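The values are calculated or read from the model by the stated rules, or taken from the named source; none is laboratory data. It should be emphasised that the depicted structure is a prediction, and the values quoted were computed from it without experimental measurement. In this analysis, Cβ positions are derived from the backbone assuming ideal geometry, glycine residues included, and neighbour counts consider all displayed protein chains. Accessible surface is based on the protein model in full, side chains and every heavy atom, while ligands, DNA and RNA are left aside. Shrake-Rupley method; radii C 1.70, N 1.55, O 1.52, S 1.80 Å.
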Amino acid sequence: MGVDRYSGLPFVARFRWNVGKTMEKFYRSFAEKKILAARCEKCGYTVVPPRQICPKCYSTISEENLVELSGKGVVESLTEVAFKLDGKGGYIWLEKPELLAAIRLEGASSTIFARVEGEAKVGSEVEPVWAEKIEGKPSDLISFKVVE
Ligand SMILES: [Zn+2]
């Protein structure tokens with residue numbers, strides 16, 4: 001899978017790059033509304049998005065150790081943002097501030113950062129919000145929303 005451009009970065013990459021086998025599986029699994037993590041065989045650390053090297057003990061994590069998470073998680077920290085990067089070194093003010101959160105998904109040792117919809121606070125339970133049309137791409141996972 002190649003990525004032409006990722007708008008969240010403060011620059012525009014004018015080339016294609018390969019996300020690697022593990023991240024490709026991570027994104028492709030979005031087509032089935034699945035979120036994969038990599039569980040280290042040696043120490044049990046479970047990292048999402050999955051990595052080929054364990055961030056805790058630096059062991060290699062093979063593809064056989066990809067595990068599916070439920071997608072449900074808990075907000076560990078959050079911040080309100082008023083603008084987003086435009087990918088050209090500037091920024092665009094948002095019409096309405098958004099919440100960005102560090103979310104610990106059930107079964108994961110690490111947190112992921114994502115936009116959260118609803119009245120979120122530390123400790124809120126959240127679940128993924130998927131795009132109407134899912135294609136196995138990063139854009140399939142729109143955000144997380146607070147579970148009522
Ligand atoms: Zn490990």
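Could you give me the residue pairs with C-beta distances under 7 Å whose first residue belongs to the range 64-83 and is free of Cβ contacts under 8 Å to residues at least 12 places away in the same chain, whose second residue is open to solvent by less than 60 Å² (accessible area, probe 1.4 Å) wherever it lies, and which are 6+ apart or on separate chains?
F83/L94
Those residues that are in a strand (DSSP E or B), away from the ligand (no atom under 16 Å from the Cβ) and either modelled with pLDDT of 90 or more or open to solvent by less than 20 Å² (accessible area, probe 1.4 Å) (or both), I need them from the range 4-50; list them, please. Reasoning before the result, please.
The initial filter retains those residues of the range 4-50 that are in a strand (DSSP E or B), namely 17-18, 35-39, 46-47.
Among the residues that remain, those that are also away from the ligand (no atom under 16 Å from the Cβ) are: 17-18, 35-36.
Once the filter is applied, which keeps residues that are in a strand (DSSP E or B), away from the ligand (no atom under 16 Å from the Cβ) and either modelled with pLDDT of 90 or more or open to solvent by less than 20 Å² (accessible area, probe 1.4 Å) (or both), the range 4-50 yields I35, L36.
Of the residues G71, G89, which is at positive phi, surrounded by fewer than 16 Cβ atoms within 10 Å (Cβ to Cβ) and in a loop (DSSP other than H, G, I, E, B)?
Working: G71 fails: surrounded by fewer than 16 Cβ atoms within 10 Å (Cβ to Cβ).
After applying the criteria, what remains is G89.
Only one of these conditions is not met by K56: (1) surrounded by 12 or more Cβ atoms within 10 Å (Cβ to Cβ); (2) among the charged types (D, E, K, R); (3) without any contact (Cβ under 8 Å) to a residue 24 or more places away in the chain. Which number is it?
It fails just one condition, (3).
Residue under question is V81, and the condition is that it be within 24 Å of V129 (Cβ to Cβ), among the β-branched types (V, I, T), away from the ligand (no atom under 16 Å from the Cβ) and at pLDDT below 90; does it hold?
Numbers: within 24 Å of V129 (Cβ to Cβ): yes; among the β-branched types (V, I, T): yes; away from the ligand (no atom under 16 Å from the Cβ): yes; at pLDDT below 90: no.
No.
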